[in-house]
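The values are calculated or read from the model by the stated rules, or taken from the named source; none is laboratory data. The structure presented is a predicted model; accordingly, all values stated were derived computationally and were not measured. Note that we place each Cβ from the backbone using ideal geometry, even for glycine, and neighbour counts take in every protein chain shown. Heavy atoms of the whole protein, side chains included, go into the accessibility calculation; ligands, DNA and RNA do not. Shrake-Rupley method; radii C 1.70, N 1.55, O 1.52, S 1.80 Å.
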2 protein chains.
Amino acid sequence: MDREEFRRRAHELVDWMADYLEGVEAYPVRAQVAPGETKAKLPAGPPAKAEPFEEIFADFERDLLPGMTHWQHPSFFAYFPANSSPPSVLAEMLTATLAAQCMLWQTSPAASELEDRVLDWLVGMLGLPADFKGVIQDSATSATLAAILTAREQATDWQANEIGLAALGAKGTELVVYCSTEAHSSIEKGLKVAGLGRRNLRRIETGEDFAMRPEALAAAITEDRAAGRTPACLVASIGGTGTGAMDPLRPLGEICRREGLWLHVDAAWAGSALILPEERGLLDGIELADSFVFNPHKWLFTNFDCTAFFLRDVAALERTLALVPEYLKSPEGRAVTDYQNWSVPLGRRFRALKLWFVIRAYGVEGLRAMLRRHLTWARELHDQVAAAEDFEILSPLRLSLFSFRYHPAHGRAGGDLDEARLEALNTRLLECLNDSGKLYLTQNRVRGRYAIRFVVGQTSTQRRPVLAAWEIIQASARGLEP
Amino acid sequence: MDREEFRRRAHELVDWMADYLEGVEAYPVRAQVAPGETKAKLPAGPPAKAEPFEEIFADFERDLLPGMTHWQHPSFFAYFPANSSPPSVLAEMLTATLAAQCMLWQTSPAASELEDRVLDWLVGMLGLPADFKGVIQDSATSATLAAILTAREQATDWQANEIGLAALGAKGTELVVYCSTEAHSSIEKGLKVAGLGRRNLRRIETGEDFAMRPEALAAAITEDRAAGRTPACLVASIGGTGTGAMDPLRPLGEICRREGLWLHVDAAWAGSALILPEERGLLDGIELADSFVFNPHKWLFTNFDCTAFFLRDVAALERTLALVPEYLKSPEGRAVTDYQNWSVPLGRRFRALKLWFVIRAYGVEGLRAMLRRHLTWARELHDQVAAAEDFEILSPLRLSLFSFRYHPAHGRAGGDLDEARLEALNTRLLECLNDSGKLYLTQNRVRGRYAIRFVVGQTSTQRRPVLAAWEIIQASARGLEP
């Protein structure tokens, strides 16, 4: 493909892209294909000769597109959104064209310094401690892993990296990490990867409001110390994935300070909402934290991958992850930041550009206005569900997230269904909703009960699709045989 | 930014992108800015109000572009290339627009099945064992980490994930990983992350040809067993980063089979060349390997990130990394592949699309022709350097990579410079070359001696820039005071 064909094809794609974003609502949200259906359409082997781009693109439209779940659909209320926006897509086009490796300062100085600057902006926008420094990582899983690794090194006097955990174990050191029962699975993954073992993850009980109980944390730490284990790290959640649980940072942070634990805050989804001054109370006590992660690729209109990871003690992170063979040495030395020393992968895309485009194209006020609309619509929907006699809220509204279930004859004497029948009923309801292609939702389990999650956060959503979802949910539910 | 503005701006960007790729040779290869220079141009805080796109883009051109190192420049001969191509950029435009999360089959069935299919294509194209299955990861570092973790679990009877290495260590188990002295730093990083400790990485000596000596590996394994340690994994290099070292897979694989070690093959850069039937000999013995990684984002014309990781025992990988909380459960169960279970990060971009575009747009024969041109030009350059009296080859040509140094009066009685003066001279030569902006090269150390690496692999390079590099190198070197 020569340069002129590239130019022509790229213009064609731009029209397709703009049409797609304008018309995405016409597609079913969740792909309506069966397992294996797409693969069966794809040739078993690669072509020997070059194929014309028309053909490749026609196959994309015919064979792949029907098998895609449309994450940018305004009726996408599943998981957390992986939201994007026009300025972010524009930046991705430039990033793909420059195709620079941003592993060292020298390999892309402007990318490195823009990342530094834009993450400083986020520190201010979210109200994080002014001495936090940030880095873009691929996912919250990777950032939480980096936090756990740094905590592991600190707790072993920087010996785990050197001699390994087995040698330390021979001397009796076993590290423990704490989180709540509502915390994300990435924490368990982090323990497994870091060699700490998942039996050393303590899932601390939560109160009525799904928030970690500080006294239960303190008791668990005491118990672990008594058993000869070493409490190393607490991962607090601001906006847990299932129920949006908000752990109380101040009392938890005080325990961490007293006990010498690394405090990592996982605000993967909810972090974006902290740009709203009225939500800043969630961060009370953040100055007691050591690190913090949130995903602009979830709810700040920036394409995946864009995880923002912040911490105070950058030297501790570098001491944990830096590794500089001859061919990665920088003559600039300490005068510059080589971000490869701040993350597990070595290679890094130019990801700061999209964040910079998004923040500038909307302005902080514009971003706030978009988030406030999501919060308003979610509140409106939540209140309607709560008011319906045959529905039940299982986890209350947290920002733009809540869980519910269909529960006909709820609370009416004699008419109540048992838990097994409610689960079967709601499983069928969710299948029926997602199969309709009209909206997309995810299941959850709230204190053991099967629930349907609803989260508002897609860039292109509006009041209309949110309220239409409620009409569809009611009609589908009431059409089911209990 | 509304949809119509997006369409207009995207068309403008396409023209800029096409112009950039056509004219990239006009830029200095390595950015010519000082540390802090770019950051000083960027405002300390974010704008409150939305800014017009013209202004954002003008700032990109004025403030950022001069600070970028141009990885797509035809005279980029540094590190390994992060090469790209027109069809790959087109695919990235679509990927950014769909902005789908490809973590589960259900969240993007077509992406999942395309990944499955295209990685099967690569198995055939490279001549990997037919029972290998592949997954796209972000970087070779992450793939090698996944291999080390799987080896760790296998060697601990799947207990490290459960109870942690410290508890195992108390029973005397300490795992050892082997690689050659030429292997990549990511292996050491993998040991550190996995909690194995870098003292348990054995760097096995190499022969004259920089390849690992099998008898040295066997001796090291014996010694570790005698000391009560557990040999767990060998990482063999096909195309080491420094010298392009090629470890002999067959004798190494036989040792691994006999001793029960996981054999992981790191062909991050050189793997792409295995699509050439004439280079397939490098893979002799690959059927003895358990896993294999290479980066299409290095030398197969596909944008970063695109690491292809293959292994035979997928169940072992899933057993190591899978973690499925309620909200990630798939009703499809075992009928589908949820790739989040095959890698550390949970979120995943739609990365198979660009690989599919690239393979189809060039065809296997087209890709081979491009690689063969790189090999031919590298050979031509290497032979000229080898023939020059005042230059010395320090590591011989491996595919398209070799290392050299300027060594005036080399071998002439009385005129020889000592090692310290040669290092100083070549350090200055490299600085002078990279400062010129005319080409970009990386330093290396070959058996302790400072060397300059040269690698041909940039998509847009041609015979002319490769041979011009040699003219510039000679002129610069001969202009230096020894």
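Taken over the range A:440-472, the criterion of being buried (at least 17 other Cβ atoms within 10 Å of the Cβ), within 22 Å of A:ARG372 (Cα to Cα) and not hydroxyl-bearing (Ser, Thr, Tyr) is satisfied by A:LEU441, A:ARG453, A:PHE454, A:VAL455, A:VAL456, A:GLY457, A:GLN458, A:PRO465, A:VAL466, A:ALA469, A:TRP470.
Scanning the range A:89-102 for residues that are within 7 Å of chain B (Cβ to nearest Cβ) and in a loop (DSSP other than H, G, I, E, B) gives A:ALA99, A:ALA100, A:GLN101.
With within 19 Å of A:ILE187 (Cα to Cα) and in contact with a Phe, Trp or Tyr (Cβ under 6 Å, 6 or more places away or on another chain) as the only criterion, which of A:ALA308, A:ALA289 stands out? Selected residue: A:ALA308, the only one of A:ALA308, A:ALA289 that is within 19 Å of A:ILE187 (Cα to Cα) and in contact with a Phe, Trp or Tyr (Cβ under 6 Å, 6 or more places away or on another chain).
Under the condition of being among the charged types (D, E, K, R) and within 21 Å of the chain's Cα centre (by Cα), which residue from the range A:352-384 is surrounded by the most Cβ atoms within 10 Å (Cβ to Cβ)? Ranking the qualifying residues of the range A:352-384, first place goes to A:LYS354. All told, A:ALA18 falls short of being in a loop (DSSP other than H, G, I, E, B), open to solvent by less than 10 Å² (accessible area, probe 1.4 Å) and either farther than 30 Å from B:PRO35 by Cβ or at the interface with another protein chain (Cβ under 8 Å from one of its Cβ atoms) (or both).
Here is a yes/no grid of residues against (1) open to solvent by less than 50 Å² (accessible area, probe 1.4 Å); (2) more than 7 Å from every other protein chain (Cβ to nearest Cβ); (3) over 25 Å from A:GLN101 (Cβ atoms):
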residue: B:ARG7; (1), (2), (3): yes, no, yes
residue: B:HIS11; (1), (2), (3): yes, no, yes
residue: B:GLU22; (1), (2), (3): no, no, no
residue: B:ALA31; (1), (2), (3): yes, no, no
residue: B:LEU42; (1), (2), (3): yes, no, no
residue: B:PRO52; (1), (2), (3): no, yes, yes
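Could you list all residues from the range B:157-174 that are open to solvent by less than 10 Å² (accessible area, probe 1.4 Å) and either more than 7 Å from every other protein chain (Cβ to nearest Cβ) or part of a loop (DSSP other than H, G, I, E, B) (or both)? Matches in the range B:157-174: B:GLY164 only.
Here B:LEU433 clears all of (1) outside any loop (DSSP other than H, G, I, E, B); (2) away from chain A (no Cβ under 14 Å); (3) out of contact with any Phe, Trp or Tyr (no Cβ under 6 Å at 6 or more places or on another chain) except the condition numbered (2).
Of the candidates A:GLU287, A:GLU279, the single residue that is under 23 Å from A:ALA378 (Cβ atoms), out of contact with any strand residue (DSSP E or B) (no Cβ under 7 Å at 6 or more places or on another chain) and open to solvent by 10 Å² or more (accessible area, probe 1.4 Å) is A:GLU279. Within the range B:304-337, the set of residues being part of a helix (DSSP H, G or I), small (Gly, Ala, Ser) and more than 13 Å from chain A (Cβ to nearest Cβ) comprises B:ALA315, B:ALA316.
Filtering the range B:333-367 to residues that are touching a helix residue (DSSP H, G or I) at 6+ places or on another chain (Cβ under 9 Å) and charged (D, E, K, R) leaves B:ASP338, B:ARG348, B:ARG349, B:ARG351, B:LYS354, B:ARG360. The residues of the range B:62-81 that are more than 15 Å from the chain's Cα centre (by Cα) and more than 7 Å from chain A (Cβ to nearest Cβ), listed by number, are B:ARG62, B:ASP63, B:LEU65, B:PRO66, B:HIS70, B:HIS73, B:PRO74, B:SER75, B:PHE76.
Residue count for the range A:387-412, restricted to those that are closer than 22 Å to A:THR427 by Cβ and more than 11 Å from chain B (Cβ to nearest Cβ): 18.
Counting the residues of the range A:191-206 that are open to solvent by 20 Å² or more (accessible area, probe 1.4 Å) and over 17 Å from A:ILE221 (Cβ atoms) gives 1. Output yes when any residue across the range A:385-405 is of a type in the set (Val, Ile, Thr) and under 18 Å from A:THR243 (Cβ atoms), and no when none is. Yes. Total residues in the range A:114-140 satisfying the condition of being closer than 30 Å to B:LEU191 by Cα, at the interface with chain B (Cβ under 7 Å from one of its Cβ atoms) and open to solvent by 10 Å² or more (accessible area, probe 1.4 Å): the figure is 2. Close contacts from the range B:246-259, counting a first residue that is outside the structural domain of B:GLY281 (by TED's automatic domain parsing) and a second that is modelled with pLDDT under 95, with Cβ to Cβ under 6 Å and a gap of 6+ residues or different chains, come to none at all.
Conditions tested, residue by residue: (1) crowded, with 24+ Cβ neighbours inside 10 Å; (2) in a helix (DSSP H, G or I).
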site: B:LYS39; (1), (2): no, yes
site: B:PHE60; (1), (2): no, yes
site: B:LEU65; (1), (2): no, yes
site: B:HIS70; (1), (2): yes, no
site: B:PRO81; (1), (2): yes, no
site: B:PRO87; (1), (2): yes, yes
site: B:LEU104; (1), (2): yes, no
site: B:THR107; (1), (2): yes, no
site: B:ALA111; (1), (2): yes, yes
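If a residue must be loosely packed, with under 15 Cβ neighbours inside 10 Å and assigned to a helix (DSSP H, G or I), how many such residues does the range B:385-414 contain? Selection size over the range B:385-414: 2.
Remark: pairs (first residue in the range B:116-145, farther than 15 Å from B:ALA289 by Cβ and free of Cβ contacts under 8 Å to residues at least 60 places away in the same chain; second residue open to solvent by less than 10 Å² (accessible area, probe 1.4 Å) and not aliphatic (A, V, I, L, M); Cβ separation under 7 Å; 6+ apart in sequence or on different chains) = B:THR141/B:SER186. Counting the residues of the range A:338-353 that are modelled with pLDDT of 95 or more and within 7 Å of chain B (Cβ to nearest Cβ) gives 1.
Where the second residue is surrounded by fewer than 21 Cβ atoms within 10 Å (Cβ to Cβ) and modelled with pLDDT of 95 or more and the first is of a type in the set (Lys, Arg) and lies in the range B:366-395, which pairs have Cβ atoms under 6 Å and are six or more apart or on separate chains? Between residues of the range B:366-395 that are of a type in the set (Lys, Arg) and residues that are surrounded by fewer than 21 Cβ atoms within 10 Å (Cβ to Cβ) and modelled with pLDDT of 95 or more, the close pairs are B:ARG368/B:LEU276. Pick from the range B:141-156 the residues that are surrounded by fewer than 24 Cβ atoms within 10 Å (Cβ to Cβ) and not polar (S, T, N, Q): which of them is farthest from the other protein chains (Cβ to nearest Cβ)? My answer is B:ALA155. Given the options B:PHE80, B:PHE53, B:PHE6, name the one that is over 29 Å from B:THR442 (Cβ atoms), aromatic (Phe, Trp, Tyr) and touching a residue at least 12 places away in the same chain (Cβ under 8 Å). Of the residues listed, the single one that is over 29 Å from B:THR442 (Cβ atoms), aromatic (Phe, Trp, Tyr) and touching a residue at least 12 places away in the same chain (Cβ under 8 Å) is B:PHE53.
If the condition is being of a type outside the set (A, V, I, L, M) and under 24 Å from the mean Cα position of the chain (by Cα), then the range B:321-331 contributes no residue at all.
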